[in-house]
Amino acid sequence: MDRYFGRLLTAVRTRLAAVVGTVALIAAALTGAATGTATAATSGATAGGWSCSGAPVPDGYVITNYSRGGCNGAGAWYQEPVRDGIWTCGGSPIVAGYVITNYNRSGCNGVGGWYHELARDGRWTCAGSPIPPGYVTTGYNRTGCNGIGSWYHQLVRNGIWTCSGSPIPPGYRSINFSAGGCNGIGAWWMVRA
């Protein structure tokens with residue numbers, strides 16, 4: 001009985017960590033913390049630094065480390081310029097032009113870590129990742145991104161099946177629906193308007 005309870009508790013903790021990380025990612029996007037410019041990494045800014053919890057994150061920077069004991073026990077976050085292929089902490093801004101492609105529940109000293117990469121055609125992203133302008137979602141994997149779920153991003157084009165809930169870029173419209181498309185969540189046939 002104790003072994004069963006232990007496994008159940010571990011499973012609940014694992015799923016809770018994934019949910020907390022996803023909520024932090026979505027909250028960052030909804031509160032405007034997920035803004036900035038993809039060019040910030042090439043602007044010559046290379047220095048990073050520690051700041052106390054609650055301090056603003058400069059445009060083009062992400063949070064890459066956490067110290068619980070920093071700032072006299074209030075917690076401290078390490079901020080540095082975004083770059084392609086960088087692990088960030090849960091709650092870090094998502095800089096424009098970047099997407100989240102992997103998740104590590106125990107990353108960033110237990111806060112949860114997200115892997116940032118530049119958006120490109122044909123890339124799988126984690127649930128909650130932004131969908132850059134001009135891209136649509138065309139595939140879904142319930143267990144992708146370490147159990148959070150993942151979406152396949154492609155550049156929009158005439159005659160492409162997109163998942164339900166995918167953005168409809170300007171100049172396009174959806175005309176036909178397939179209930180079984182996109183791994184069972186439904187898909188729409190997108191054409192030029």
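The values are calculated or read from the model by the stated rules, or taken from the named source; none is laboratory data. These numbers come from a predicted model, not from an experiment. All Cβ positions, glycine included, derive from the backbone under ideal geometry; neighbour counts span all protein chains shown. SASA here: full protein model, heavy atoms, side chains in, ligands and nucleic acids out. Shrake-Rupley method; radii C 1.70, N 1.55, O 1.52, S 1.80 Å.
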Which one of R142, R123 is free of Cβ contacts under 8 Å to residues at least 60 places away in the same chain and open to solvent by 50 Å² or more (accessible area, probe 1.4 Å)?
R142
Check off (1) under 30 Å from S174 (Cβ atoms); (2) in contact with a Cys (Cβ under 8 Å, 6 or more places away or on another chain); (3) open to solvent by 30 Å² or more (accessible area, probe 1.4 Å) for S150 and give me the number that stays unchecked.
(3)
Go through (1) without any contact (Cβ under 8 Å) to a residue 24 or more places away in the chain; (2) in contact with a helix residue (DSSP H, G or I) (Cβ under 6 Å, 6 or more places away or on another chain); (3) aromatic (F, W, Y) one by one and return the number of the condition Y172 breaks.
(2)
For the range 156-166, what are the residues that are out of contact with any Lys or Arg (no Cβ under 8 Å at 6 or more places or on another chain) and loosely packed, with under 15 Cβ neighbours inside 10 Å?
R157, G159, G165
Filter the range 167-193 down to the residues that are in contact with a Pro (Cβ under 9 Å, 6 or more places away or on another chain) and farther than 12 Å from G134 by Cβ, then identify the one that is surrounded by the fewest Cβ atoms within 10 Å (Cβ to Cβ).
A193
